[in-house]
There are 2 protein chains.
Amino acid sequence: MPSGAQKRQPKYQRIAAALKEAIAAGQYGPGDRLPGESELMGTYGVARMTARQAFAALQAEGLVEARKGAGVFVREFKVGLRRRGIQRLAVEVWGAGGSIWAADGHGRDPQVEFLGVSEKPAPAAVAAALGLPAGAIVRVRRRRFLLDAKPVMVATSYLDAALTAGTAIAEPDSGPGGIYARLADLGRKPVRFREEVRSRMPTPEEADGLGLTSGTPVVLVCRTAFTADGHAVEVNEMTLDASAYVLEYEFDAP
Amino acid sequence: MPSGAQKRQPKYQRIAAALKEAIAAGQYGPGDRLPGESELMGTYGVARMTARQAFAALQAEGLVEARKGAGVFVREFKVGLRRRGIQRLAVEVWGAGGSIWAADGHGRDPQVEFLGVSEKPAPAAVAAALGLPAGAIVRVRRRRFLLDAKPVMVATSYLDAALTAGTAIAEPDSGPGGIYARLADLGRKPVRFREEVRSRMPTPEEADGLGLTSGTPVVLVCRTAFTADGHAVEVNEMTLDASAYVLEYEFDAP
DNA sequence: CCCCTAAACATATCTAGACATCTACTTGAC
DNA sequence: GTCAAGTAGATGTCTAGATATGTTTAGGGG
């Protein structure tokens, strides 16, 4: 080691920083293969576990992706699904400045895969939100959204089972206009929505269901739909691949 | 090992699953210390690195937190600050001279730490959003928000340097009502906002600045403020500790 | 009683090597 | 020419240590 350089930083962090810098400099582009473990061992004169630890640091950051038997690759962010809370015509006026994160997912809409509809006792939080007694039966509709055959979101919708019995909401195909149109048919048209947004690391089950590589968080969106008289008629819990979505909300200063 | 149970699953995953189950069962509560590496070595008859790998899996999930020299502890989620997209920005609030962050939290206000104001060439995306030529000079205000002396957000605000020259916006203390009240003084009152929300794992620098433990993502909120004539006057990039915040948005059906 | 120090303990880093499993490519048989 | 088997190489898992560094606690000195 030449002179008293920064020995404070662990070897694996310095290797990781060097790789990161090489990626940032464009030496390795998205999808490119990085030098392998054995190559790093030779280049930096470290043991294999140390080289692996460097890769682990980059994986945790979501920068690279290891494919067993193949190598470690710079991750490519195809991304760019833009989920708007409000679809308004005013977009032309207010959109003049352009979006900060130019997501070019124009026209590419995710495909919907229906996972089933069932009746179950409501989770406590859902029952409370819908104004139902604890343990009330709710109708549960589960869907999965795919972009280019890759899952990007899982959505679970909860509705009062008694209210929606015998309607298309209880069927796999909820008909034209979706469940909101059916709720309108019932005189329970949703007119106002509240969305609560969180983010955390996925459970192994979530990572499996969304096909997430390590280093990718999930975004949880919980939307509650209200009728004009202020009653909640639907709770929709969505689990999104954080690397695939940009959420967008617009609102006025009242 | 009794009979031919699931040997397909790696040891470290089974150890991690066992610990996870114990946590879920309440055997270890938030803040409690888990059995240490040497203890796991004895209990499961594995090497140190294998026990460490089990902990690493739980850390990546954000479930536990390792403190060097002390042990591995079940993470305690101090619960979310609620960040509302609408009420928070109500005209009455900042028009009356109150801080927009007074609406945050459950009565507990985050403290604001001012990190400085400066003039710099605008990043390309910011210049485009503000409708300024590439490389135009913008005023950059950086602040950090702390809850119980722990940082939870870093905010960087960009404004046209020429427009805001000589105003309180160029000073550390932007005066009563904050920079939006000052923009209103200039006849550039923001009346509409767009927020774009993403999430990803933090860079090491971000993790350091926010004091994040591994397994905690960041939420990126980019707010653009528009005047009545549709011009963007401010771009505010916020980096949030994902475990500290719940974002909330309300809107009407289109 | 407080402060400082030392020891015990815990995690963090690192090494060296073994076997497992998957991938991509090459080779050979049909 | 096509398909299958074989093989080299890559990451994944696991062991068994050594050394480094931070934390906690117990003890001793002031």
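Say the cut-off is 22 Å between C-alpha atoms; which of B:78/B:150; A:150/B:11; A:11/B:68 go over it?
Beyond 22 Å: A:150/B:11.
Show me, for the range B:132-149, the HN-Hα J-couplings you get by feeding each phi into the Karplus relation (A = 6.51, B = -1.76, C = 1.60, θ = phi - 60°), rounded to Hz, glycine and proline as x.
Here the 3J(HN,Hα) series is 9, x, 4, x, 4, 7, 10, 8, 10, 10, 10, 9, 10, 10, 10, 10, 6, 6 Hz.
Place +1 on the Cβ of every Lys and Arg and -1 on the Cβ of every Asp and Glu in the protein assembly as shown, take the dipole about the Cα centre, and give the residue among B:146, A:126, A:212 whose Cα lies farthest towards its positive end.
Going by the Cα projections, it comes out as A:212.
Quote the charge dipole size of the range B:81-248 about the Cα centre in Debye, to the nearest 20; the model charges only the Cβ of Lys and Arg (+1) and of Asp and Glu (-1).
Dipole about the Cα centre, nearest 20: 260 debye.
Mind checking the alpha-carbon convex hull of the range A:11-74 and giving the volume per residue in Å³?
74
Taking accessible area as the heavy-atom solvent-accessible surface of the protein chains with a 1.4 Å probe, which residues of the range A:48-67 lose no less than 40 Å² upon going from the isolated chain to the full protein assembly?
Residues of the range A:48-67 that lose at least 40 Å² of accessible area once the other chains are added: A:61.
Taking the Cα centre of the range A:6-72 as origin and charging only Cβ (+1 Lys, Arg; -1 Asp, Glu), how large is the dipole, in debye to the nearest 20?
Value, rounded to 20: 300 debye.
Rule-of-thumb check for the range A:105-160: C-alpha Rg over 2.2 N^0.38 Å?
For the range A:105-160, the normalised Cα radius of gyration comes out at 1.41.
Carbon-plus-sulfur fraction of the accessible area of the protein assembly as shown, 1.4 Å probe, in percent?
Of all accessible area on the protein assembly as shown, carbon and sulfur atoms account for 53 percent.
If you take the charge dipole of chain A about its Cα centre, with +1 on Lys and Arg Cβ and -1 on Asp and Glu Cβ, which of A:253, A:50, A:221 is farthest toward its positive end?
Farthest along the dipole direction, towards plus: A:50.
Roughly how much of residue B:231 is accessible, in Å² to the nearest 10, using a 1.4 Å probe?
110
Go ahead and estimate [θ] at 222 nm for chain A from helices alone: -39,500 (n - 2.57) per DSSP H run with n ≥ 4, summed, over the residue count, rounded to 500. All intermediate terms of the calculation are to be shown ahead of the outcome.
Values: 8 runs with 65 residues, N = 254.
Taken over chain A, the calculation gives -7000 deg cm²/dmol.
Kindly write out, for the range A:209-216 in residue order, the coupling ³J(HN,Hα) from the Karplus curve 6.51 cos²θ - 1.76 cosθ + 1.60 (θ = phi - 60°), rounded to whole Hz, with x marking Gly and Pro.
Those phi angles translate into x, 9, x, 8, 7, 4, x, 10 Hz.
Under a crude label model (7 Å from the Cα following the beta-carbon direction), how far is residue A:134 from residue A:32 in nanometres?
It is 5.8 nm.
Along the principal axes of its C-alpha atoms, what lengths does the protein assembly as shown span, in descending order and rounded to whole Å?
Principal extents (Cα only, largest first): 69, 67, 43 Å.
What does the convex hull of the Cα atoms of chain B come to per residue, in Å³, rounded to a whole number? List each step's numbers first, then the result.
Values: hull volume 47.3 nm³, N = 254.
In chain B, the Cα convex hull volume per residue is 186 Å³.
Using the heavy atoms of the protein chains and a 1.4 angstrom probe, tell me the accessible area per residue for chain A in square angstrom.
Working: 13010 Å² over 254 residues.
For chain A, the per-residue accessible area is 51 Å².
Suppose R0 equals 30 Å; then what is the FRET efficiency for residue A:189 and residue B:24 from their Cβ-Cβ distance, rounded to the nearest 0.05?
Computed FRET efficiency for residue A:189 and residue B:24: 0.15.
So if I take the centroid of the Cα atoms in the range A:27-79 and the same for the range B:178-253, what is the distance between those two points in Å?
33
Using a 1.4 Å probe and counting only protein heavy atoms, how much accessible surface gets buried when A and B come together, both sides summed, in Å² to the nearest 100?
4400
The values are calculated or read from the model by the stated rules, or taken from the named source; none is laboratory data. If you're wondering where the values come from, they're calculated on a predicted model, not measured in any experiment. Every residue, glycine as well, gets a Cβ built from its backbone with ideal geometry; the counts of neighbours run over all protein chains shown. The protein model used for the area step is the full one, side chains on, heavy atoms only, and it has no ligands, DNA or RNA in it. Shrake-Rupley method; radii C 1.70, N 1.55, O 1.52, S 1.80 Å.
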